[in-house]
Amino acid sequence: MPCDSITTQSINLANADRMLLTEALIDMGCTILDSNTTCIYATNNRGGRITWTNGEGLAVSAGSSIRSSEIIQTVTQAYSKTAISWAAQRAGWTMKSTGPNTLTLQRR
């Protein structure tokens, strides 16, 4: 059995951590318009509107359905990276980016 493996995960943003999602949106260049305990309202640099509601998930308004799906994919990837980084730091692991959408975690 190899000592390393690649695992693909699907993320349900309906139950995302609001603070981590806010950080991920800012990291990807979004502007947070409003944020409270249950909702985040943001825009991206291409004019798309992003709304996250706790328990419901992500809604995106953009010029086309293709752009909307791209924004959702980008938000999901940014949130995944932020959440993994947060969890790795809590567990005492080091993390480095080894390519686009690729992270390497190492136990200290």
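Just one of the listed residues (Ala78, Ala88) is surrounded by 15 or more Cβ atoms within 10 Å (Cβ to Cβ) and in contact (Cβ under 8 Å) with a residue 24 or more places away in the chain, namely Ala78.
Just to be sure, is Ile11 surrounded by 11 or more Cβ atoms within 10 Å (Cβ to Cβ), touching a helix residue (DSSP H, G or I) at 6+ places or on another chain (Cβ under 9 Å), modelled with pLDDT of 90 or more and within 27 Å of Leu103 (Cβ to Cβ)? Break it down stepwise before answering.
On the way: surrounded by 11 or more Cβ atoms within 10 Å (Cβ to Cβ): yes; touching a helix residue (DSSP H, G or I) at 6+ places or on another chain (Cβ under 9 Å): yes; modelled with pLDDT of 90 or more: no; within 27 Å of Leu103 (Cβ to Cβ): yes.
So Ile11 does not fit the description; no.
Name the residue that is surrounded by the most Cβ atoms within 10 Å (Cβ to Cβ), counting only residues in the stretch 91-108 that are outside any strand (DSSP E or B) and not polar (S, T, N, Q).
Narrowing the stretch 91-108 to residues outside any strand (DSSP E or B): 91-92, 100-101, 108.
With the extra rule that they be not polar (S, T, N, Q), the set shrinks to 91-92, 100, 108.
On the way: Ala91: 10, Gly92: 8, Pro100: 6, Arg108: 6.
Among them, the one singled out is Ala91.
Here is a check on your reading of the model: is Ala83 in a helix (DSSP H, G or I), touching a helix residue (DSSP H, G or I) at 6+ places or on another chain (Cβ under 9 Å) and among the aliphatic types (A, V, I, L, M)? Spelling it out, Ala83 is indeed in a helix (DSSP H, G or I), touching a helix residue (DSSP H, G or I) at 6+ places or on another chain (Cβ under 9 Å) and among the aliphatic types (A, V, I, L, M). Within the stretch 36-73, restricting attention to residues that are surrounded by 18 or more Cβ atoms within 10 Å (Cβ to Cβ) and closer than 29 Å to Thr94 by Cα, the residue that is nearest to the chain's Cα centre (by Cα) is Ile72.
Give the number of residues within the stretch 30-86 that are of a type outside the set (A, V, I, L, M) and more than 25 Å from Ser97 (Cα to Cα).
Filtering the stretch 30-86 down to residues of a type outside the set (A, V, I, L, M) leaves 30-31, 34-39, 41, 43-49, 51-57, 61, 63-65, 67-70, 73-74, 76-77, 79-82, 85-86.
From what's left, more than 25 Å from Ser97 (Cα to Cα): 34-39, 41, 43, 46-49, 51-57, 61, 63-65, 67-68.
Of the residues in the stretch 30-86, 25 are of a type outside the set (A, V, I, L, M) and more than 25 Å from Ser97 (Cα to Cα).
No other residue among Gly57, Gly92, Gly63 is of a type in the set (Gly, Ala, Ser) and closer than 17 Å to Asn15 by Cβ apart from Gly57.
The values are calculated or read from the model by the stated rules, or taken from the named source; none is laboratory data. Computed from a predicted model, the values in this text were never measured in an experiment. With ideal geometry, Cβ positions are generated from the backbone for all residues, glycine too; neighbour counts draw on all protein chains shown.
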